[in-house]
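Notes for the one structure printed next.
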Amino acid sequence: MKGFSKFLVPLLLPLLLSSNASFAVQPEITENKIIKNQHGKLVWADLYTGDVEASLKFYQNTFGWTVQEFAKDSAKYHILYDNGQAIAGVLTRDSKRNKTDNALWVGSIDTDNVPSRSELSAKNNASIILAPHEFKLYGKRAVLADPQGGIIALLELDLTNKHHQKISNKWDWAQLFSTNTKQAALFYQETFDYTIEAINAEEDSFYLIQADMVQASIVRLPESFEQRDRWVNFIEVNNVATTLSKATFNGATIIYQPEDKGVAIISDPNGALLGLTQQESE
């Protein structure tokens, strides 16, 4: 984790501040457009952790989330709720797996056809970690590692389904730190139909655009940092400063916090990175 904040300042902040500027055009919305506009968006996340009890305690005490437990074979899957809306899952990491982190947030993007997207991902050199399957309450799901190792999940929501409508909309943004941004951008363009747009003149940072909205970004991972691609997922909170105060009191580490800006990144007590963005006032 050490050294992560050194490159976040020049790379992360401009992207987050401009993410809703150029593409937040709101055309007339129909029911079909609402469903389509989910595609490519971060809509869910799962926390894979070596200490489920400690992780649940941290997120309950820090964010005020409640938890419900579901039996799943020999393991247990927990769903976290924010004001009655399902927001994330928590499950144990396989002790047999070669773990590079004690805990890891894996974000899910909404897509139109999980089986076909998974098949296309594999053809484009991704590794399928968890094959397409029925996610009991929320449609089809799969987990993959892109060709450079960035782990991401796919979720096929149906917003005409009452259960799916109750998922929280507070997942706000996702950013991929990559060793080869152009290669990563082409993979996501070819596999998930994102439009890519260069952010800077060097063309080594990119927006991922879908449904006329900037949904995510890809920026370069400096050579000084451990060379593996990593997604960081951002969740909207009422007040970043208040959340950071609670998070550090409960054992988290602040990785990135610019002055007077509604954005931050924390490492929870088990080492999982999570981004925070501040809810816009109405």
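Since every read-out is calculated from the coordinates, none of them should be taken as a lab result. These figures come from a predicted structure and were not determined experimentally. For neighbour counting, all protein chains shown are included, and Cβ atoms are generated from backbone atoms with ideal geometry for every residue, glycine included.
Under a crude label model (7 Å from the Cα following the beta-carbon direction), how far is residue 76 from residue 245 in nanometres?
3.3
Could you order peptides 236-246, 170-180 by the average number of other Cβ atoms within 10 Å of their residues, highest first?
The packing order, highest mean first, is 170-180, 236-246.
Net charge around residue 241, counting only other residues with Cβ within less than 13 Å of its Cβ (Lys, Arg = +1; Asp, Glu = -1)? All intermediate terms of the calculation are to be shown ahead of the outcome.
On the way: positive: 246, 261; negative: 259, 260.
Net charge around residue 241: 0.
Counting only Cα atoms, I'd like the Rg/Rh figure for region 163-273, Kirkwood definition for Rh.
Rounded to two decimals, Rg over Rh is 1.00.
Can you work out the FRET efficiency for the pair residue 131 and residue 190, with r the C-beta to C-beta distance and R0 = 30 Å, to the nearest 0.05? Display every interim value, and only then the final one.
Working: r = 21 Å, r/R0 = 0.69.
Step by step, r from the Cβ atoms, then E = 0.90.
Would you be so kind as to identify which of 232, 209, 254 lies farthest towards the positive end of the dipole of region 193-257, taking Lys and Arg as +1 and Asp and Glu as -1 on Cβ and the Cα centre as origin?
Positive-end residue among those listed: 254.
Filter 41/136; 140/162; 166/261 down to the pairs with a C-alpha to C-alpha distance above 26 Å, please. Kindly include the intermediate steps, with their values, before the conclusion.
On the way: 41/136 21 Å; 140/162 16 Å; 166/261 30 Å.
With Cα atoms farther than 26 Å apart: 166/261.
Residue 122 versus residue 169, label points 7 Å from Cα toward the beta carbon: distance in nm?
Taking the simple label geometry, residue 122 and residue 169 are separated by 3.5 nm.
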